[in-house]
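Here is the structure we will look at.
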Amino acid sequence: MQQMYAREKKAFKVGFILIVICLSAVIISLNTGTIRLSPLAVLQTLIGRGSPDDTMVLFDFRLPRILVTMLAGIGLGMSGAILQGLSRNALADPGILGIHAGASLGLITFVTYFNTMTGMISLLIPLFTFTGGVVTAGLIVLLAYDRQKGWLPVRLILVGIAIAAGFSAATLFLSLSLDEKTYAFASRWLIGNVWGKDWVHVYALLPWILLIAPYVYFQSKSLNALSLGDELAVGIGASVRRQRLLLLAAAVALSCASVSMVGGIGFIGLVAPHLARRFVGPMHQHILPISGLIGLVILVVADTIGRSVFQPNAIPAGVVVAVVGAPYFLYLLRKTK
């Protein structure tokens, strides 16, 4: 009991620190860009006392993009935590398992038939990416599951890599039929370019995060049971098959909805849960919110660096994340041998 109280106290402290870091990152991001605004100008604009130019820059261009990266960071961090808990594999990640490849195929299918990424029709983009992710997850479940041994961690990774290769080939094939402008957009999206910059994109992503993230948090005890293995989970009364499918669907929804607005960004779902586990221990009621906050910080900071440090040429946030995430993945791979 005392140990549980200590873990909750530590999780609260870590969460508070991360919230402060989040607010600092958001403030810095609001201040940076092609047109720089001072902290005082940002504050005055937020309370309705800014100049018309500052109001346009902040509310029409900068704030929607930051909100999209915040929501997507939460979704990517939490989805990685769910997948690592379900598979009992510290290397599980939506990108590595091929779910992002399925989302990419869904997005390319959308632009192939609708040929637009603007207006109210863009509200359907998360639905298309979610459909692609569900197909990918279904194939992974069918091919990586063993009736006697359950999900084998090694087979899970290998099947995910194979499916990702196949879906990436299909995505490339469809992209060849696109016009030059749409093809250029698809190429930037695939490397993790944050393109959701309007309020309609915030509205498209917000319901997915607002509805699914709380559901996952309230299922954290079920995730704790499933992370122990099927036999122990059944022994303590968990509905293994039902809970696994529901949580897997939630992870796919969070991941695919997020990448639909920020591009095929990888490694956040890998790094965020691993850091959260180090900070607050193995209980998912602590890991899930901390993973979401870490994902938020990583994506907001990466997008801010890409927009401001390399001016006038902007670097996609996915490239910035990969610079840090790839070495960390190699470190985890070496550690898990």
Any idea what angle helix 240-262 forms with the longest principal axis of the chain, computed on alpha-carbon atoms, 0 to 90 degrees, nearest 10? 20 degrees
How far apart, in nanometres, would the label points at residue 221 and residue 36 be if each is projected 7 angstrom from Cα along the Cα-to-Cβ direction? 5.3 nm
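Under the rule of -39500 (n - 2.57) per DSSP H run of 4 or more residues, summed and divided by the residues of the chain, what mean residue ellipticity at 222 nm is obtained, to the nearest 500 deg cm²/dmol? Each step should come with its number before you reach the end.
Values: 15 runs with 250 residues, N = 337.
Counting only the DSSP helices, I get -25000 deg cm²/dmol.
Leaving out ligands, DNA and RNA, and with a 1.4 Å probe, what % of the accessible surface on the chain is carbon or sulfur?
Working: 11290 of 16290 Å².
Carbon and sulfur atoms account for 69 percent of the accessible area of the chain.
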Listed candidates (1) 54, 45, 38; (2) 71, 41, 40; (3) 64, 56, 35 - label of the one calculated as Cα extents along the principal axes in Å: (3)
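What is the gain in length, in nm to one decimal, between residue 249 and residue 176 on full extension, counting 0.36 nm per residue of separation less the C-alpha to C-alpha distance? Before the final figure, lay out each step's value.
Details: separation 73, 0.36 × 73 = 26.28 nm, distance 3.05 nm.
My answer for the length gained is 23.2 nm.
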So what's the angle, to the nearest 10 degrees on a 0 to 90 scale, between helix 99-114 and the longest Cα principal axis of the chain? 50 degrees
GNM result for the chain, Cα springs below 10 Å: residue of 193, 313, 31 fluctuating most strongly: 313
With springs only between Cα atoms under 10 Å apart, run a GNM on the chain and tell me which of 121, 99, 209 wobbles the most. 121
With the 8 Å Cα cutoff and a minimum separation of six or more residues, the chain has a relative contact order in percent of 32 percent
Can you tell me how much longer the chain between residue 328 and residue 20 gets when fully stretched, taken as 0.36 nm per residue apart minus their C-alpha distance, in nm with one decimal? 108.4 nm
Along the charge dipole of the chain, which of 43, 22, 273 sits closest to the positive end, that is, farthest toward it, with unit charges on the beta carbon of Lys, Arg, Asp and Glu (+1, +1, -1, -1)? 273
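If you take the square roots of the eigenvalues of the alpha-carbon gyration tensor of segment 77-217 and sort them as a ≥ b ≥ c, do you get rounded (a/c under 1.5), prolate (a/b over b/c) or oblate? Don't skip to the answer; put the middle values down first.
Values: a/c = 2.48, a/b = 1.45, b/c = 1.71.
Oblate shape, in that a/c is at least 1.5 and b/c is the bigger or equal ratio.
For segment 148-223, what is Rg from Cα atoms divided by 2.2 N^0.38 Å, rounded to two decimals? Working shown, then result.
Numbers: Rg = 18.1 Å, N = 76, 2.2 N^0.38 = 11.4 Å.
Here the Cα radius of gyration is 1.58 times the empirical estimate.
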Highest GNM mean-square fluctuation among 55, 129, 34, for the chain with Cα springs under 10 Å, belongs to 34
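The values are calculated or read from the model by the stated rules, or taken from the named source; none is laboratory data. Predicted model only: the values in this text are computed from it and were never measured. Note that we place each Cβ from the backbone using ideal geometry, even for glycine, and neighbour counts take in every protein chain shown. SASA here: full protein model, heavy atoms, side chains in, ligands and nucleic acids out. Shrake-Rupley method; radii C 1.70, N 1.55, O 1.52, S 1.80 Å.
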